[in-house]
Structure formats: structure tokens, C-alpha cells
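> Please read through the structure below; I'll follow up with questions.
The values are calculated or read from the model by the stated rules, or taken from the named source; none is laboratory data. It should be emphasised that the depicted structure is a prediction, and the values quoted were computed from it without experimental measurement. Glycine also receives a Cβ, built like all others from the backbone with ideal geometry; neighbour counts cover every protein chain displayed.
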Amino acid sequence: MWTHLAPWLVKTGEVPQLEVGDTLRGAGLHASCWSLLEADGPEGITELQGADPAGDRSPHYELTGTVARLADGSPEVVLRVQGLGLLAGPRAEGCHAGFQPPGVGRPVTAVARLEALALYDAGAPDVRRDWLVRAIKVEHRALVPSPGYPGQTEAGAIVRVDDIGRMLRWADASAKDHASYLLDLEPLLID
């Protein structure tokens, strides 16, 4: 499963510089959802083709599973998909309208991008495990002016994606663009 990893987690040493074949230890995944709605159908993880709902050609998935736990005071849930636990919540862009988790034990389908959690993220102990790193890419995005913040920039459209065999914490994400790692992860143990 292609999972985004923020380069600052590697630069600070929270995540080691990984190479293909390494084990990413004790990491949780967050399903950053455009939608999460009650659903019927078999459990599963399906990589969706084409552009995601934000218009980017970046890896994203349809996840069908069961709500295992609701977070207190937060819209996030622990979602179980074929024994794999994921923390799931609405994307930062304010897509809360399409995120309507039902009660615990109910089946749901989410359309989401997967992101590696930082060690301090709330709710993460429920979903942490070891992962095999099957491939590594760096997704580069253009820097564009940030609306409402003169002189500041934010990530824009994807300009290129590079396959790499090993992370180089200071070389992979330069100041010329916005970059994030994409790790193809396989769970080593399923609950």
C-alpha cells in the first residue's frame, strides 16, 4: 500500500533513513479521508486509478471495513480492514461533510490517502505495527503562493515522482519544491 511519509519525520530521525527491504518499525497509518460513509460489501483495500478527489494523480484507496473504535471529542475512528487497523479521519481541507462515521461495529467505506503517523499522534497505539518497505518514491510538488498568507508558499501540483532505493534525509526534499516520501508498505503481522 502506497503510504505518504513526511520528510521531516526522517530529517528529525523519528523515522530512520530506510531502503527497499527494510522494516519500518512501530508505525501507524492514517487514512486521510475524502469520504467515510456507511456501506455494504466485502472488506478490502482497493487502489483507485486516476486522479484523487482533489485532482492529484497520487496514490489513494477505497477502504471497506468496520469501525472498531470512536475517538472521544474527535471525528477520527479506528477502522479495521481485513485485520489491519488504521486511524481514519477527515482530510485537513475541510471535507467533513463526506465523513459520517456510524457506531462501533458498523461497516463503512472510505476514499482516502494513506499517511504514516508520527510517534506522538493520538490514537496511534491501536494501529501501530511493523511494515516491510517494498519500494520508495519521492513525490515532488511545485511551491505555489499560499492564499491569505502573503510571502508564504504551500504545496501545489505534482511535478514529478522519482523512484529511489534508499532515503537520503537531506537530499530528497530540497527547498526548491515540496516533497514527500511514498512508501509501498506491506504489514508484517496482521491481528
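> Taking region 142-167, which residues are within 17 Å of Leu9 (Cβ to Cβ) and at pLDDT 90 or above?
Step one: filter region 142-167 for residues within 17 Å of Leu9 (Cβ to Cβ), giving 155, 164, 166-167.
Scanning region 142-167 gives Ile164, Arg166, Met167.
> Hey, Gly156 hits all of (1) assigned to a loop (DSSP other than H, G, I, E, B); (2) over 30 Å from Arg80 (Cα atoms); (3) of a type outside the set (A, V, I, L, M) but one; which does it fall short on?
Of everything listed in (1) assigned to a loop (DSSP other than H, G, I, E, B); (2) over 30 Å from Arg80 (Cα atoms); (3) of a type outside the set (A, V, I, L, M), Gly156 misses just condition (1).
> Does at least one position in region 122-141 carry a residue that is closer than 15 Å to Asp22 by Cβ and part of a loop (DSSP other than H, G, I, E, B)?
Scanning region 122-141, I find no residue that is closer than 15 Å to Asp22 by Cβ and part of a loop (DSSP other than H, G, I, E, B), so the answer is no.
> Is it the case that some residue within region 103-121 is free of Cβ contacts under 8 Å to residues at least 12 places away in the same chain and surrounded by fewer than 18 Cβ atoms within 10 Å (Cβ to Cβ)? Steps first, please.
Residues of region 103-121 that are free of Cβ contacts under 8 Å to residues at least 12 places away in the same chain, as a first pass: 120.
Narrowing further to those that are surrounded by fewer than 18 Cβ atoms within 10 Å (Cβ to Cβ): 120.
For region 103-121, residues free of Cβ contacts under 8 Å to residues at least 12 places away in the same chain and surrounded by fewer than 18 Cβ atoms within 10 Å (Cβ to Cβ): present.
> Which one is farthest from Pro75 (Cα to Cα) among residues in region 10-39 that are crowded, with 18+ Cβ neighbours inside 10 Å and more than 13 Å from the chain's Cα centre (by Cα)? Working first, answer last.
Taking region 10-39 first, the residues crowded, with 18+ Cβ neighbours inside 10 Å are 10, 15, 18, 24, 27-36.
Keeping just the survivors that are more than 13 Å from the chain's Cα centre (by Cα) gives 10, 15, 18, 24, 35-36.
Details: Val10: 28, Val15: 27, Leu18: 32, Leu24: 27, Ser35: 12, Leu36: 11 Å.
Here the answer is Leu18.
> What's the total number of residues in region 45-80 that are touching a Leu at 6+ places or on another chain (Cβ under 9 Å) and closer than 15 Å to Trp2 by Cα?
Matching residues across region 45-80 total 8.
> Tell me the residue from Thr12, Thr66 that is at pLDDT below 95, polar (S, T, N, Q) and touching a Lys or Arg at 6+ places or on another chain (Cβ under 6 Å), please.
Details: Thr12 fails: touching a Lys or Arg at 6+ places or on another chain (Cβ under 6 Å).
After ruling out the rest, the residue left standing is Thr66.
> Every residue in region 40-90 that is surrounded by fewer than 15 Cβ atoms within 10 Å (Cβ to Cβ), in contact (Cβ under 8 Å) with a residue 40 or more places away in the chain and out of contact with any Gly (no Cβ under 9 Å at 6 or more places or on another chain), please.
Once the filter is applied, which keeps residues that are surrounded by fewer than 15 Cβ atoms within 10 Å (Cβ to Cβ), in contact (Cβ under 8 Å) with a residue 40 or more places away in the chain and out of contact with any Gly (no Cβ under 9 Å at 6 or more places or on another chain), region 40-90 yields Asp40, Gly41, Glu47, Leu48, Gly83.
> Go through region 51-89 and give me each residue that's within 11 Å of Ala31 (Cα to Cα) and β-branched (Val, Ile, Thr).
Val77, Val78
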